[in-house]
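The values are calculated or read from the model by the stated rules, or taken from the named source; none is laboratory data. Quick caveat, the model's predicted, so the values are computed rather than measured. Reconstructed Cβ throughout: ideal geometry from the backbone, glycine too, with neighbour counts over all protein chains shown.
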Amino acid sequence: MDNLVGLIEKNGLIFGFLCIGIIFLVGEMLSKTIFRAKIPGSAIAIFLGLLLGYLGGLWSDGEKGIAGISLFAGIGLLGGSMFRDFTIVATALGANLELIRKAGWLGLISLLFGIVLFFVLGVLLAFAWGFRDAASLCTIGAGACTYIVGPITGAAVGASSEVIALSIATGVVKTIAVTIFTPIAAKRIGLKSPESAMAFGGMMGTSSGVAAGLAATDPSLVPYGAVTATFYTGVGCLLCPSLFYLILNLFF
Amino acid sequence: MTIYGVALLAISFLLGQWMGELLGDWLGIQANVGGVGFAMIFLMLGKEWLVQKKQMTAEMTGGIAFWSKMYIPVVIAMAASLNVKSAISSGSLALIAGIIPVLASFLAFPWIMKKFNPRHHG
(Lines give C-alpha, C1' and ligand atoms only; values in the text may rest on other atoms or scores of the structure.)
Protein backbone atom coordinates (compact mmCIF):
# COMPACT_ATOMS: atom_id res chain seq x y z
CA MET A 1 0.00 0.00 0.00
CA ASP A 2 2.87 2.36 0.83
CA ASN A 3 4.29 1.53 -2.60
CA LEU A 4 1.06 2.60 -4.27
CA VAL A 5 0.83 5.85 -2.29
CA GLY A 6 4.46 6.63 -3.17
CA LEU A 7 3.78 5.86 -6.83
CA ILE A 8 0.75 8.16 -6.89
CA GLU A 9 2.59 10.99 -5.20
CA LYS A 10 5.43 10.67 -7.71
CA ASN A 11 2.99 10.68 -10.66
CA GLY A 12 0.51 13.21 -9.33
CA LEU A 13 -0.63 14.65 -12.66
CA ILE A 14 -1.43 11.19 -14.07
CA PHE A 15 -3.46 10.37 -10.95
CA GLY A 16 -5.17 13.75 -11.42
CA PHE A 17 -6.36 12.70 -14.91
CA LEU A 18 -7.81 9.52 -13.40
CA CYS A 19 -9.56 11.40 -10.56
CA ILE A 20 -11.15 13.96 -12.91
CA GLY A 21 -12.24 11.15 -15.23
CA ILE A 22 -14.00 9.45 -12.32
CA ILE A 23 -15.63 12.73 -11.19
CA PHE A 24 -16.83 13.32 -14.76
CA LEU A 25 -18.25 9.79 -14.92
CA VAL A 26 -20.15 10.29 -11.67
CA GLY A 27 -21.43 13.66 -12.95
CA GLU A 28 -22.69 12.08 -16.17
CA MET A 29 -24.36 9.25 -14.27
CA LEU A 30 -26.09 11.62 -11.86
CA SER A 31 -27.18 13.76 -14.83
CA LYS A 32 -28.76 10.77 -16.59
CA THR A 33 -30.38 9.12 -13.59
CA ILE A 34 -31.40 11.74 -11.03
CA PHE A 35 -31.75 14.83 -13.24
CA ARG A 36 -33.00 13.05 -16.42
CA ALA A 37 -30.32 14.89 -18.46
CA LYS A 38 -31.96 18.25 -17.65
CA ILE A 39 -28.71 19.44 -16.04
CA PRO A 40 -25.58 18.73 -18.15
CA GLY A 41 -23.15 16.17 -16.72
CA SER A 42 -20.31 18.68 -16.99
CA ALA A 43 -22.16 21.17 -14.77
CA ILE A 44 -22.76 18.48 -12.13
CA ALA A 45 -19.11 17.39 -12.39
CA ILE A 46 -18.02 20.98 -11.74
CA PHE A 47 -20.28 21.10 -8.69
CA LEU A 48 -18.77 17.81 -7.52
CA GLY A 49 -15.35 19.42 -8.00
CA LEU A 50 -16.37 22.36 -5.80
CA LEU A 51 -17.74 19.87 -3.26
CA LEU A 52 -14.40 18.01 -3.22
CA GLY A 53 -12.64 21.35 -2.89
CA TYR A 54 -14.79 22.04 0.15
CA LEU A 55 -14.20 18.61 1.72
CA GLY A 56 -10.48 18.81 0.93
CA GLY A 57 -10.32 22.20 2.60
CA LEU A 58 -12.00 20.78 5.71
CA TRP A 59 -9.72 17.72 5.74
CA SER A 60 -6.38 19.47 5.16
CA ASP A 61 -7.41 22.75 6.82
CA GLY A 62 -5.64 24.55 3.97
CA GLU A 63 -6.46 26.93 1.16
CA LYS A 64 -5.92 24.64 -1.82
CA GLY A 65 -9.05 22.50 -1.60
CA ILE A 66 -8.45 18.81 -2.29
CA ALA A 67 -5.00 19.63 -3.68
CA GLY A 68 -3.99 20.41 -0.08
CA ILE A 69 -3.94 16.64 0.54
CA SER A 70 -0.58 15.40 -0.78
CA LEU A 71 -2.15 12.37 -2.47
CA PHE A 72 -4.30 14.69 -4.61
CA ALA A 73 -1.66 17.36 -5.28
CA GLY A 74 -1.76 16.43 -8.99
CA ILE A 75 -5.31 17.78 -9.25
CA GLY A 76 -3.87 21.13 -8.23
CA LEU A 77 -1.33 20.91 -11.06
CA LEU A 78 -4.02 19.94 -13.60
CA GLY A 79 -6.29 22.74 -12.38
CA GLY A 80 -3.48 25.28 -12.14
CA SER A 81 -3.19 28.38 -14.27
CA MET A 82 -0.95 26.82 -16.95
CA PHE A 83 -3.32 24.06 -18.05
CA ARG A 84 -6.37 26.22 -17.42
CA ASP A 85 -5.27 29.02 -19.78
CA PHE A 86 -3.83 26.58 -22.34
CA THR A 87 -7.05 24.59 -22.70
CA ILE A 88 -9.24 27.69 -22.81
CA VAL A 89 -7.13 29.21 -25.60
CA ALA A 90 -7.56 25.91 -27.47
CA THR A 91 -11.37 26.33 -27.45
CA ALA A 92 -10.92 29.20 -29.94
CA LEU A 93 -10.53 26.38 -32.46
CA GLY A 94 -14.32 25.95 -32.41
CA ALA A 95 -14.89 29.56 -33.43
CA ASN A 96 -15.21 29.74 -37.21
CA LEU A 97 -14.31 33.22 -38.47
CA GLU A 98 -16.70 32.96 -41.46
CA LEU A 99 -19.68 32.03 -39.28
CA ILE A 100 -18.81 34.84 -36.91
CA ARG A 101 -18.86 37.30 -39.80
CA LYS A 102 -22.34 36.03 -40.66
CA ALA A 103 -23.53 36.53 -37.07
CA GLY A 104 -22.30 40.07 -37.64
CA TRP A 105 -23.92 43.10 -36.12
CA LEU A 106 -26.61 41.34 -34.10
CA GLY A 107 -24.13 38.88 -32.63
CA LEU A 108 -21.66 41.61 -31.68
CA ILE A 109 -24.31 43.84 -30.11
CA SER A 110 -25.80 41.01 -28.07
CA LEU A 111 -22.31 39.82 -27.07
CA LEU A 112 -21.27 43.21 -25.71
CA PHE A 113 -24.71 43.87 -24.22
CA GLY A 114 -24.69 40.45 -22.51
CA ILE A 115 -21.21 40.85 -21.02
CA VAL A 116 -21.95 44.36 -19.73
CA LEU A 117 -25.35 43.34 -18.33
CA PHE A 118 -24.04 40.25 -16.50
CA PHE A 119 -20.95 42.05 -15.27
CA VAL A 120 -22.83 45.11 -13.97
CA LEU A 121 -25.52 43.05 -12.22
CA GLY A 122 -22.83 40.77 -10.74
CA VAL A 123 -20.90 43.77 -9.42
CA LEU A 124 -24.06 45.40 -7.99
CA LEU A 125 -25.07 42.18 -6.20
CA ALA A 126 -21.54 41.69 -4.86
CA PHE A 127 -21.63 45.28 -3.62
CA ALA A 128 -24.97 44.60 -1.93
CA TRP A 129 -23.33 41.59 -0.24
CA GLY A 130 -20.70 43.84 1.29
CA PHE A 131 -17.70 43.58 -1.06
CA ARG A 132 -15.97 46.95 -1.40
CA ASP A 133 -12.61 46.33 -3.15
CA ALA A 134 -12.28 46.61 -6.93
CA ALA A 135 -10.53 43.22 -7.36
CA SER A 136 -13.28 41.23 -5.59
CA LEU A 137 -16.14 43.15 -7.23
CA CYS A 138 -14.53 42.73 -10.65
CA THR A 139 -13.98 38.97 -10.11
CA ILE A 140 -17.56 38.30 -8.99
CA GLY A 141 -18.93 40.45 -11.84
CA ALA A 142 -16.74 38.40 -14.20
CA GLY A 143 -17.99 35.19 -12.55
CA ALA A 144 -21.53 36.29 -13.35
CA CYS A 145 -20.37 36.23 -17.01
CA THR A 146 -19.00 32.65 -16.98
CA TYR A 147 -17.16 30.33 -14.60
CA ILE A 148 -14.10 30.77 -16.82
CA VAL A 149 -14.04 34.57 -17.07
CA GLY A 150 -14.34 34.72 -13.27
CA PRO A 151 -11.14 32.84 -12.33
CA ILE A 152 -9.14 34.30 -15.24
CA THR A 153 -10.12 37.78 -14.11
CA GLY A 154 -9.53 36.92 -10.47
CA ALA A 155 -6.02 35.66 -11.21
CA ALA A 156 -5.25 38.74 -13.33
CA VAL A 157 -6.42 41.33 -10.80
CA GLY A 158 -5.08 39.42 -7.78
CA ALA A 159 -8.33 38.44 -6.06
CA SER A 160 -8.25 36.02 -3.13
CA SER A 161 -8.81 32.29 -3.59
CA GLU A 162 -12.17 32.56 -1.74
CA VAL A 163 -13.45 35.22 -4.13
CA ILE A 164 -12.25 33.19 -7.13
CA ALA A 165 -14.09 30.13 -5.79
CA LEU A 166 -17.19 32.26 -5.30
CA SER A 167 -16.94 33.56 -8.87
CA ILE A 168 -16.74 29.99 -10.20
CA ALA A 169 -19.75 28.97 -8.10
CA THR A 170 -21.64 31.97 -9.52
CA GLY A 171 -20.72 30.99 -13.07
CA VAL A 172 -21.79 27.39 -12.48
CA VAL A 173 -25.15 28.54 -11.08
CA LYS A 174 -25.53 30.66 -14.23
CA THR A 175 -24.83 27.65 -16.49
CA ILE A 176 -27.50 25.62 -14.71
CA ALA A 177 -29.99 28.52 -14.73
CA VAL A 178 -29.52 29.01 -18.51
CA THR A 179 -29.87 25.27 -19.09
CA ILE A 180 -33.10 25.02 -17.12
CA PHE A 181 -34.77 28.32 -18.08
CA THR A 182 -33.97 28.34 -21.84
CA PRO A 183 -36.49 25.69 -22.94
CA ILE A 184 -39.10 27.19 -20.59
CA ALA A 185 -38.68 30.74 -21.87
CA ALA A 186 -37.82 30.03 -25.53
CA LYS A 187 -41.33 30.60 -26.96
CA ARG A 188 -42.04 33.69 -24.90
CA ILE A 189 -38.81 35.49 -25.86
CA GLY A 190 -39.02 34.54 -29.56
CA LEU A 191 -36.06 32.17 -29.62
CA LYS A 192 -36.81 30.21 -32.79
CA SER A 193 -34.58 31.30 -35.73
CA PRO A 194 -30.82 30.92 -36.35
CA GLU A 195 -30.44 34.70 -35.97
CA SER A 196 -32.17 34.71 -32.62
CA ALA A 197 -30.04 31.74 -31.52
CA MET A 198 -26.87 33.66 -32.43
CA ALA A 199 -28.06 36.67 -30.46
CA PHE A 200 -29.06 34.38 -27.59
CA GLY A 201 -25.66 32.64 -27.52
CA GLY A 202 -23.89 35.98 -27.56
CA MET A 203 -26.00 37.40 -24.77
CA MET A 204 -25.94 34.37 -22.45
CA GLY A 205 -22.36 33.32 -23.13
CA THR A 206 -21.99 30.17 -21.05
CA SER A 207 -21.20 27.69 -23.84
CA SER A 208 -22.32 24.55 -22.03
CA GLY A 209 -25.49 26.23 -20.70
CA VAL A 210 -26.41 27.66 -24.11
CA ALA A 211 -25.67 24.37 -25.90
CA ALA A 212 -27.65 22.33 -23.37
CA GLY A 213 -30.51 24.85 -23.20
CA LEU A 214 -30.82 25.10 -26.99
CA ALA A 215 -30.57 21.31 -27.35
CA ALA A 216 -33.60 21.04 -25.07
CA THR A 217 -35.40 23.73 -27.12
CA ASP A 218 -34.51 22.88 -30.73
CA PRO A 219 -31.32 20.93 -31.56
CA SER A 220 -30.97 22.64 -34.95
CA LEU A 221 -30.30 25.94 -33.15
CA VAL A 222 -27.33 24.60 -31.15
CA PRO A 223 -24.48 25.45 -33.59
CA TYR A 224 -25.79 29.00 -34.07
CA GLY A 225 -25.92 29.64 -30.35
CA ALA A 226 -22.57 27.97 -29.75
CA VAL A 227 -20.70 30.05 -32.33
CA THR A 228 -21.41 33.34 -30.58
CA ALA A 229 -21.26 31.86 -27.07
CA THR A 230 -17.72 30.66 -27.86
CA PHE A 231 -16.67 34.28 -28.24
CA TYR A 232 -18.21 35.42 -24.99
CA THR A 233 -15.52 33.93 -22.78
CA GLY A 234 -12.70 35.36 -24.93
CA VAL A 235 -14.20 38.85 -25.04
CA GLY A 236 -15.04 38.60 -21.33
CA CYS A 237 -11.44 37.62 -20.55
CA LEU A 238 -10.28 40.59 -22.60
CA LEU A 239 -12.66 43.19 -21.10
CA CYS A 240 -13.17 42.20 -17.45
CA PRO A 241 -9.58 42.32 -16.14
CA SER A 242 -8.72 45.35 -18.31
CA LEU A 243 -11.33 47.98 -19.20
CA PHE A 244 -13.95 46.97 -16.61
CA TYR A 245 -11.34 46.68 -13.87
CA LEU A 246 -9.96 50.12 -14.70
CA ILE A 247 -13.48 51.59 -14.57
CA LEU A 248 -14.13 49.91 -11.20
CA ASN A 249 -10.82 51.28 -9.95
CA LEU A 250 -12.15 54.80 -10.49
CA PHE A 251 -14.90 54.14 -7.95
CA PHE A 252 -13.15 51.95 -5.34
CA MET B 1 1.85 15.93 -37.45
CA THR B 2 -0.15 16.32 -34.27
CA ILE B 3 2.71 18.16 -32.58
CA TYR B 4 2.52 20.98 -35.14
CA GLY B 5 -1.03 21.72 -33.97
CA VAL B 6 0.06 21.65 -30.33
CA ALA B 7 3.02 23.88 -31.23
CA LEU B 8 0.72 26.38 -33.00
CA LEU B 9 -1.43 26.44 -29.88
CA ALA B 10 1.69 26.88 -27.74
CA ILE B 11 3.09 29.81 -29.72
CA SER B 12 -0.33 31.50 -29.78
CA PHE B 13 -0.58 30.97 -26.03
CA LEU B 14 2.89 32.39 -25.34
CA LEU B 15 2.51 35.38 -27.68
CA GLY B 16 -0.94 36.18 -26.26
CA GLN B 17 0.21 35.90 -22.67
CA TRP B 18 3.25 38.04 -23.49
CA MET B 19 0.97 40.71 -24.98
CA GLY B 20 -1.16 40.47 -21.85
CA GLU B 21 1.94 41.02 -19.71
CA LEU B 22 3.06 43.98 -21.83
CA LEU B 23 -0.41 45.54 -21.73
CA GLY B 24 -0.50 45.02 -17.96
CA ASP B 25 2.85 46.79 -17.59
CA TRP B 26 1.72 49.55 -19.92
CA LEU B 27 -1.48 50.09 -17.93
CA GLY B 28 0.47 50.06 -14.70
CA ILE B 29 -1.33 47.00 -13.30
CA GLN B 30 0.90 44.30 -11.86
CA ALA B 31 -1.05 41.65 -13.75
CA ASN B 32 -1.57 39.92 -17.06
CA VAL B 33 -4.32 41.81 -18.89
CA GLY B 34 -6.38 39.84 -21.41
CA GLY B 35 -3.55 37.46 -22.31
CA VAL B 36 -5.95 34.57 -22.86
CA GLY B 37 -8.15 36.69 -25.13
CA PHE B 38 -5.16 37.79 -27.23
CA ALA B 39 -3.92 34.21 -27.43
CA MET B 40 -7.34 33.09 -28.74
CA ILE B 41 -7.21 35.76 -31.45
CA PHE B 42 -3.66 34.70 -32.41
CA LEU B 43 -4.73 31.06 -32.61
CA MET B 44 -7.69 31.85 -34.86
CA LEU B 45 -5.61 34.08 -37.14
CA GLY B 46 -2.79 31.51 -37.25
CA LYS B 47 -5.24 28.75 -38.06
CA GLU B 48 -6.91 30.82 -40.80
CA TRP B 49 -3.53 31.64 -42.31
CA LEU B 50 -2.52 27.97 -42.39
CA VAL B 51 -5.90 26.95 -43.82
CA GLN B 52 -5.45 29.46 -46.63
CA LYS B 53 -1.93 28.13 -47.28
CA LYS B 54 -3.41 24.61 -47.26
CA GLN B 55 -0.98 23.63 -44.50
CA MET B 56 -3.59 22.89 -41.81
CA THR B 57 -3.93 19.10 -41.69
CA ALA B 58 -6.55 17.11 -39.81
CA GLU B 59 -3.82 15.80 -37.51
CA MET B 60 -2.77 19.35 -36.60
CA THR B 61 -6.37 20.29 -35.88
CA GLY B 62 -6.59 17.17 -33.73
CA GLY B 63 -3.60 18.33 -31.69
CA ILE B 64 -5.48 21.52 -30.80
CA ALA B 65 -8.91 19.85 -30.50
CA PHE B 66 -7.63 17.50 -27.79
CA TRP B 67 -6.72 20.41 -25.54
CA SER B 68 -9.95 22.29 -26.28
CA LYS B 69 -11.87 19.21 -25.12
CA MET B 70 -9.81 19.12 -21.93
CA TYR B 71 -11.03 22.51 -20.74
CA ILE B 72 -14.03 21.32 -18.76
CA PRO B 73 -11.97 18.58 -17.01
CA VAL B 74 -9.36 21.22 -16.17
CA VAL B 75 -12.10 23.52 -14.82
CA ILE B 76 -13.28 20.62 -12.62
CA ALA B 77 -9.71 20.14 -11.34
CA MET B 78 -9.50 23.88 -10.74
CA ALA B 79 -12.80 23.88 -8.85
CA ALA B 80 -11.55 21.01 -6.69
CA SER B 81 -8.35 22.83 -5.77
CA LEU B 82 -9.94 26.12 -4.72
CA ASN B 83 -10.66 27.42 -1.26
CA VAL B 84 -14.35 26.50 -1.43
CA LYS B 85 -14.58 26.21 2.34
CA SER B 86 -14.24 29.97 2.75
CA ALA B 87 -16.50 30.75 -0.22
CA ILE B 88 -19.37 28.87 1.43
CA SER B 89 -19.71 31.61 4.02
CA SER B 90 -21.05 33.96 1.36
CA GLY B 91 -22.71 31.19 -0.65
CA SER B 92 -26.08 32.88 -1.12
CA LEU B 93 -24.36 35.47 -3.33
CA ALA B 94 -23.35 32.75 -5.82
CA LEU B 95 -27.00 31.69 -6.17
CA ILE B 96 -28.36 35.23 -6.47
CA ALA B 97 -25.60 36.52 -8.77
CA GLY B 98 -25.93 33.38 -10.89
CA ILE B 99 -29.70 33.55 -11.37
CA ILE B 100 -30.78 37.24 -11.32
CA PRO B 101 -28.69 38.34 -14.36
CA VAL B 102 -29.98 35.33 -16.34
CA LEU B 103 -33.59 36.34 -15.66
CA ALA B 104 -32.77 39.96 -16.54
CA SER B 105 -31.27 38.79 -19.84
CA PHE B 106 -34.42 36.84 -20.71
CA LEU B 107 -36.41 40.05 -20.15
CA ALA B 108 -33.99 42.14 -22.26
CA PHE B 109 -33.61 39.58 -25.08
CA PRO B 110 -36.84 40.42 -27.03
CA TRP B 111 -35.90 44.11 -26.87
CA ILE B 112 -32.42 43.43 -28.34
CA MET B 113 -33.97 41.30 -31.10
CA LYS B 114 -36.51 43.99 -31.96
CA LYS B 115 -33.97 46.80 -31.85
CA PHE B 116 -31.06 45.26 -33.73
CA ASN B 117 -32.28 42.35 -35.85
CA PRO B 118 -31.62 43.41 -39.47
CA ARG B 119 -34.79 41.60 -40.57
CA HIS B 120 -36.92 44.18 -38.78
CA HIS B 121 -35.26 47.01 -40.63
CA GLY B 122 -35.85 45.42 -44.04
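A few notes on this one:
- Within the range A:163-202, the set of residues being over 14 Å from the mean Cα position of the chain (by Cα), among the hydrophobic types (A, V, I, L, M, F, W, C) and part of a helix (DSSP H, G or I) comprises A:VAL163, A:ILE180, A:PHE181, A:ILE184, A:ALA185, A:ALA186, A:ILE189, A:ALA197, A:MET198, A:ALA199, A:PHE200.
- Test: residue in the range A:232-247 that is modelled with pLDDT under 90 and β-branched (Val, Ile, Thr): yes
- Residue count for the range B:47-59, restricted to those that are over 16 Å from B:THR2 (Cα atoms) and part of a helix (DSSP H, G or I): 3.
- Any pair with Cβ under 8 angstrom, 6 or more apart, that starts in the range A:15-39 at a residue that is under 19 Å from A:ALA215 (Cβ atoms) and ends at one that is of a type outside the set (D, E, K, R) and not in a helix (DSSP H, G or I): A:SER31/A:ALA37; A:SER31/A:ILE39; A:SER31/A:PRO40
- Pair list, Cβ < 7 Å and 6+ apart or interchain, from the range B:89-111 residues that are at the interface with chain A (Cβ under 7 Å from one of its Cβ atoms) and farther than 11 Å from A:LEU117 by Cβ to residues that are of a type outside the set (Phe, Trp, Tyr) and outside any helix (DSSP H, G or I): B:PRO110/A:GLY190
- In the range A:43-83, the residues that are surrounded by fewer than 22 Cβ atoms within 10 Å (Cβ to Cβ), within 15 Å of B:PRO73 (Cα to Cα) and in contact (Cβ under 8 Å) with a residue 40 or more places away in the chain: A:PHE47, A:LEU77, A:SER81
- Total residues in the range B:22-53, condition among the aliphatic types (A, V, I, L, M), at pLDDT 90 or above and surrounded by 19 or more Cβ atoms within 10 Å (Cβ to Cβ): 1
- Of the residues making up the range A:109-134, those that are of a type outside the set (Val, Ile, Thr) and free of Cβ contacts under 8 Å to residues at least 40 places away in the same chain are A:LEU121, A:LEU124, A:LEU125, A:ALA126, A:PHE127, A:ALA128, A:TRP129, A:GLY130, A:PHE131.
- All of (1) more than 9 Å from chain B (Cβ to nearest Cβ); (2) closer than 25 Å to B:PHE38 by Cα; (3) not acidic (Asp, Glu); (4) not in a helix (DSSP H, G or I) hold for A:CYS138 with one exception: (4).
- Which numbered condition A:ARG84 fails, given (1) in the same structural domain as A:MET198 (by TED's automatic domain parsing); (2) modelled with pLDDT under 85; (3) not small (Gly, Ala, Ser): (1)
- Count of residues meeting criterion [assigned to a helix (DSSP H, G or I), over 19 Å from A:ILE247 (Cα atoms) and more than 8 Å from every other protein chain (Cβ to nearest Cβ)] in the range A:145-162: 0
Condition check ((1) buried (at least 21 other Cβ atoms within 10 Å of the Cβ); (2) closer than 28 Å to A:GLY49 by Cβ; (3) modelled with pLDDT of 90 or more; (4) outside the structural domain of A:ILE39 (by TED's automatic domain parsing)) across all residues:
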residue	(1), (2), (3), (4)
A:GLY158	no, yes, yes, yes
A:VAL163	yes, yes, yes, yes
A:MET203	yes, yes, yes, yes
A:VAL227	yes, yes, no, yes
A:THR230	yes, yes, no, yes
